[in-house]
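Comments concern the structure below.
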């Protein structure tokens, strides 16, 4: 399943969502939530770099399958 999350501007009570070229679904489900401007913030470059470094140094063998986790805990 492909999921896309975007924050878009509303103009004249309309929104426009551009999908990637490889998104081939015939139908989609759209859920709209208003964005709380105070709760929405950009991540600073320093934090982005820290996350990139942690992901780069992560051992893929330590990742667990989401389905296994879901079955065990949900």
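Residue 33 meets the conditions (1) more than 17 Å from the chain's Cα centre (by Cα); (2) loosely packed, with under 10 Cβ neighbours inside 10 Å; (3) in a loop (DSSP other than H, G, I, E, B) in every case but one. The failed one is (1).
In the set (1) modelled with pLDDT under 85; (2) assigned to a helix (DSSP H, G or I); (3) surrounded by 10 or more Cβ atoms within 10 Å (Cβ to Cβ), the condition left unmet by residue 49 is number (1).
Scanning the stretch 9-30 finds no residues that are part of a loop (DSSP other than H, G, I, E, B), exposed (fewer than 10 other Cβ atoms within 10 Å of the Cβ) and modelled with pLDDT under 85.
The values are calculated or read from the model by the stated rules, or taken from the named source; none is laboratory data. From a predicted model like this one, the values you see are computed outputs, not experimental measurements. FYI the Cβ positions are ideal-geometry reconstructions off the backbone, even for glycines, and counts take in every protein chain you see.
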